[in-house]
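Step one of this worksheet: look at the structure below.
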Amino acid sequence: MRKQDFQRRVLRGCIATAFATFAAAAITPAQAGPNTLVTFDAPGSGNLGTYPMAINGKSVITGYYSDANHVNHGFVGTATGSITTFDAPDATTNGYDGTVASAINASGVITGHYTNNKQHGFVRESGGTIDEFDIGLGNDTIPTAINNKGVVTGSAASSGFVRAPNGNITQFSAPSAVTTSPHAINSAGTVAGSYYTSDNNQHGFFRTKDGTITTFNVPGGFDSTYADGINQSGDITGYAYNNAAYVGFVRKAMDGTFTIFFNIDGCKVNDVFPAAINADGTVTGVCFDGNSVQHGFVRAPDGTIKSFSVPNANGGTTPTAIAANGKTVGYANDVNFVAHGFRLNAGKQ
């Protein structure tokens, strides 16, 4: 089980209500060059927070924010330009309900979920049209990722699903799984995620377009393997756990070999949680310091790792996604745990 709930799929609740002005220095668009960090807030986010969840190669960001009534709304835009907010047509406006955007593809098509008694999926076209969908049978439907061909993956009840652009849905489960949770999908249609077995341990899996499911565990005596991201080559990142040690990994698609990493400057050893991997193999995620404060990190394909923190983010820095050009997005909590979006230009330009 994950040590602390910072995952991009945990999209409601646990939002602090206190307010403070975020003290990080503002960066203007003219200053937003290589290796700079830009902070931003979605319009209407007030004192409850902005949560970027994904970024595409055109630096278009999507995510959600919570308004003064604790209602969630989706947004799409750039860190230094305009931001458009949106809601699924049937989303309710009770506290902690609303619309949550989870992922965006190269064409600007967005997926996510909305709440109306249950959680339901949606796909928002780049022009703004929103198509709502459900797996059915009264289950929650929670999309987590979309690829450049418009194929959506996510979870419903205890199984995973893929939804084709024409709306056809296929459900699936990993072998011997109690629950199956897809987390990412690449343009080849390969889905990566994790599943629980009856012993309450997690294992990684990937499912190819033809439906073949391959399971895996990080070698070295780890009890649980959590697969969180996949790139266009099929390389997978995530973390493994055993005896209070949380280590990051990259699994190469070419030969199935694993690279494990666990020591990042500024963070405790064995407290590493990768979140995403881009096309050239750059990984981003979270590590924890000795005071259990979250810091972001970027791991280059050559294994070089650098941690970073948004200025004055006393409540922690949480990267959630990385684009092909290395632009990394996420959110940073101020001293009162109000979340603010950030974009870090950490990779090639």
Exercise. Amide H to amide H, which residues 5 or more places from V178 or on other chains are under 5 Å from it, using H placed in the peptide plane?
Worked result: Y196, T197, S198
For this session: Show me 332-339, 286-293 ranked by packing, highest mean number of other Cβ atoms within 10 Å first.
Result: 332-339, 286-293
Seminar exercise, completed: Taking 311-322, 67-78 and ranking on average Cβ neighbours within 10 Å, highest first, one gets 311-322, 67-78
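Among residues other than I277 whose Cβ falls under 13 Å from its Cβ, what is the net charge (Lys/Arg +1, Asp/Glu -1)?
Numbers: positive: R251, K252, R299; negative: D228, D235, D280.
Its environment carries a net charge of 0.
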Exercise. Which entries in K118/K327; K58/K149; K209/K306; K58/K118; K306/K327 show an alpha-carbon gap greater than 25 Å?
Worked result: K118/K327; K209/K306; K58/K118
Problem set entry | Neighbourhood net charge (15 Å Cβ-Cβ; Lys/Arg +1, Asp/Glu -1) for P43 | -3
Exercise. Applying the Karplus parametrisation 6.51 cos²θ - 1.76 cosθ + 1.60 with θ = phi - 60° to the phi angles of the range 322-336, what ³J(HN,Hα) value in whole Hz is obtained for each residue in order, glycine and proline being reported as x?
Worked result: 9, 8, 4, 8, x, 5, 10, 10, x, 9, 10, 9, 6, 4, 9
Problem set entry | Cα centroid separation - the range 103-158 against the range 281-338, whole Å | 26 Å
Problem set entry | GNM result for the chain, Cα springs below 10 Å: residue of Y64, Y239, Y96 fluctuating most strongly | Y96
Problem set entry | In Hz, Karplus ³J(HN,Hα) per residue of the range 161-173 (6.51, -1.76, 1.60; θ = phi - 60°; x = Gly, Pro) | 8, 10, 10, 6, x, 7, x, 5, 10, 10, 9, 7, 9
Exercise. Once phi is turned into ³J(HN,Hα) by the Karplus curve 6.51 cos²θ - 1.76 cosθ + 1.60 with θ = phi - 60°, what whole-Hz value does each residue of the range 124-135 show in order, with x for glycine and proline?
Worked result: 10, 5, 4, x, x, 5, 10, 10, 8, 8, 9, 6
Exercise. Which translational diffusion coefficient, to the nearest whole µm²/s, is obtained for the range 38-157 from the Stokes-Einstein equation, given a Kirkwood hydrodynamic radius over C-alpha pairs, 25 °C and 0.890 mPa s?
Worked result: 174 µm²/s
Exercise. Put +1 on the Cβ of every Lys and Arg and -1 on every Asp and Glu Cβ in the chain; which of A275, I169, G63 then has its Cα farthest towards the positive end of the dipole?
Worked result: A275
Exercise. Computed on alpha carbon atoms, what radius of gyration and Dmax characterise the range 239-349, expressed in Å?
Worked result: 13.7, 46
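The numbers here are math on the coordinates, done by the rules we state, and not lab data. Source: prediction; values computed, not measured. Virtual Cβ from ideal backbone geometry, glycine too; neighbours counted across all protein chains shown.
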